[in-house]
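The values are calculated or read from the model by the stated rules, or taken from the named source; none is laboratory data. Keep in mind the model is a prediction, meaning the values are calculated, not measured. Cβ placement follows ideal geometry from the backbone for every residue including glycine, while neighbour counts extend to all protein chains displayed. Note: areas computed on protein heavy atoms with side chains; ligands, DNA, RNA excluded. Shrake-Rupley method; radii C 1.70, N 1.55, O 1.52, S 1.80 Å.
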Amino acid sequence: MLAGKRIVLGVTGGIAAYKAVDLCRRLVDAGAHVVPVMTEGAEHFVGRATFSALASEPVQTSLWDEVHPIPHTHLGQSADLIVVAPATARLLSAYASGLSTDLLTNTLLATRAPVVVCPAMHTEMWEHPAVQANIATLRTRGVHIVEPESGRLAGGDVGAGRLAAPETILALIESVLGASGDLVGMKVVVSAGGTREPIDAVRVIANRSSGKQGYAIAGEAAARGARVTLVSTVDLPVPAGVEVCSVETAAQMGAALAQLASAANVVIMAAAVADFRPAGDVSGKSTKLKKSNGIPEVVLEPTADILAGLGADKPSGQVLVGFAAETDDLIANASGKMRAKNLDLVVANDVSQPGVGFQHDTNAVTLVRSNGTTTSIALADKKVIAKAVVDTVVEILATKIK
Ligand code: CTP
């Protein structure tokens, strides 16, 4: 799939730059023509000779070495894809604000090719609102983000920020370049898992959702060529080619979806969002309540209904899918939710049945469409259910495009 593809590999100045050597090797082994571009910072971590020896061309670092062809426009225009690994906070900031400071940022601004950005940095930096805002901006512009993993970081710290594994980056590159199937060109956003609402610094109100059904749907849509972003509260193996946006609370999930949904062709809300959360500001929950102070009185307040908000602002042509976990009157309740939230499809499951819904590998659902048709799928693996859901989404998309 990568054979003959011209891939610009941008390497910026982080300790994970040494891992880009492995990525470079794998891309070349897969048949890609790899053009390495290093920033000045990257050269503090890895020597030019390493990339020059492994890549398909010598490393480029400067805007000023050659004038013909103009390096950044030539690199940007001729690339089939640009991948930046690792991407530092500085690179993210420059790219998000359109600042051209060196050959790599110039190249990123001078391309129409798909761009894959793989951030890596210390946890505090990764979680900083400025960095997260830049990530959100890049996502809305269609940049593919391979989120960092949790693990050991430079200096012995442990936390989120470690460069994603080379196989994860490679899988996303392959899916971006080799997309085929009945969802090619479609942007699909899927939410998965149960939200966790803090009571104090350590305790949360959670629910039993495992996220497995959402992950299966995301994997099915990606396998059929869609560009899939999973807004997730859980840490399950990420299906090939799927981008993950990690969140924890209903408010965070709502904010992520508000950013992503308007540009999506399909939004599938498989997450179990808390309907209530402990009242009060999150900053007021940053200390631990002591047992010795007695049993706390937890006052709840409602969360916003994310799906209802998405339904109210649904762009024309978008397919909006909700889930309905019920214990009685399955179809009537599901149809009620469909009307109330302006949905095209409700995946309804009777969670009182054995093997159905939360935490199981299996599910049994009834797909209720806004045109009144219903299809029941008996107890089956969540991947089988995912296929049926995506099949129905494809059918509905076809009616909207006509
Ligand atoms: N949902 C949401 N935001 C909420 C609650 C629910 O987006 N605050 C979404 C869920 O992701 C699901 C759909 O709404 O796709 C239905 O969720 P469900 O819990 O079955 O129903 P509710 O609307 O919350 O109503 P109830 O709990 O009374 O059945």
For this session: Express in Å², to the nearest 10, the accessible area of HIS33 obtained by rolling a 1.4 Å probe over the protein heavy atoms while all chains stay in place.
Result: 60 Å²
Seminar exercise, completed: For the chain, the accessible surface attributable to carbon and sulfur atoms (probe 1.4 angstrom, ligands and nucleic acids excluded) amounts in percent to 54 percent
For this session: Pairs to check: LYS187/LYS337; LYS285/LYS337; LYS337/LYS400; LYS19/LYS187. Give those whose C-alpha atoms are more than 27 Å from each other in this structure.
Result: LYS285/LYS337; LYS19/LYS187
For this session: Compare the peptides 261-269, 122-130, 24-32 by average per-residue count of other Cβ atoms within 10 angstrom and give them in order, highest first.
Result: 261-269, 24-32, 122-130
For this session: Output the DSSP H helices from the chain with an along-axis C-alpha extent of no less than 18 Å and a mean Kyte-Doolittle hydropathy no less than -0.5.
Result: 17-29, 382-401
Problem set entry | Inter-probe distance in nm under a simple model that places probes 7 Å from Cα toward Cβ, at SER292 and VAL204 | 2.8 nm
For this session: Looking at region 187-401, send over the antiparallel percent of its DSSP beta bridges, to the nearest 5.
Result: 40 percent
Problem set entry | Solvent-accessible surface (1.4 angstrom probe) belonging to PHE323, in square angstrom, nearest 10 | 50 Å²
Seminar exercise, completed: Quick shape check on region 187-401: root eigenvalues a ≥ b ≥ c of the Cα gyration tensor, a/c under 1.5 is rounded, otherwise prolate if a/b tops b/c, else oblate, and it reads prolate
Exercise. How much area per residue is accessible in the chain when the probe is 1.4 Å and only protein heavy atoms are counted (Å²)?
Worked result: 45 Å²
Exercise. When the label point is put 7 Å from the Cα of SER370 along its Cα-to-beta-carbon vector, which residues of region 337-362 have a backbone N closer than 16 Å?
Worked result: 337-347
Problem set entry | Neighbourhood charge, 15 Å Cβ-Cβ cut-off, centred on LYS341 and excluding it, Lys, Arg +1 and Asp, Glu -1 | -1
Problem set entry | Förster-model FRET efficiency, 25 Å R0, ILE331 and GLU395, C-beta, rounded to 0.05 | 0.85
For this session: Note down, for the chain, the three equivalent ellipsoid semi-axes (square root of 5 times each alpha carbon gyration tensor eigenvalue), biggest first, whole angstrom.
Result: 40, 26, 18
Exercise. Got a sec? What order do HIS72, HIS360 fall in by accessible area at 1.4 Å, biggest, i.e. largest, first?
Worked result: HIS360, HIS72
Exercise. How high is the FRET efficiency from VAL282 to ALA165, r the C-beta distance, R0 25 Å, rounded to 0.05?
Worked result: 0.20
Seminar exercise, completed: The simple spin-label model distance between ALA340 and ARG152, using points 7 Å out along Cα→Cβ, in nm, is 5.1 nm
Exercise. Among VAL321, VAL238, VAL189, which one moves the most in a GNM of the chain with springs linking Cα atoms closer than 10 Å?
Worked result: VAL238
Problem set entry | Among SER62, LEU153, GLY214 - extreme Cα towards positive end, dipole of the chain, charges at beta-carbon | GLY214
For this session: Go ahead and set up a Gaussian network model of the chain, Cα springs under 10 Å, then flag whichever of ILE70, ILE199, ILE306 fluctuates most.
Result: ILE70
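Take the Cβ-Cβ distance between LEU99 and SER52 as r, set R0 to 30 Å, and report the resulting FRET efficiency rounded to the nearest 0.05.
Numbers: r = 27 Å, r/R0 = 0.91.
So the FRET efficiency works out to roughly 0.65.
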For this session: Mind telling me which of SER209, SER286, SER100 comes out most flexible in a GNM of the chain, alpha-carbon contacts under 10 Å?
Result: SER286
Problem set entry | Label-point gap, in nm, between GLU40 and THR73 - each point 7 angstrom along Cα→Cβ | 2.5 nm
Seminar exercise, completed: From DSSP H assignment alone, runs of 4+ in the chain each adding -39500 (n - 2.57), the sum over residues rounded to the nearest 500 puts [θ] at 222 nm at -10000 deg cm²/dmol
Exercise. Roughly what % of DSSP beta bridges within region 6-177 run antiparallel, to the nearest 5?
Worked result: 20 percent
For this session: On the full set of protein chains, 1.4 Å probe, figure out the accessible area of MET1 and give it in Å² to the nearest 10.
Result: 130 Å²
Seminar exercise, completed: Counting sequence-distant residues (5 or more places) and residues on other chains, those with an amide H built under 5 Å from that of GLY10 are VAL37, VAL83, VAL84, ALA85
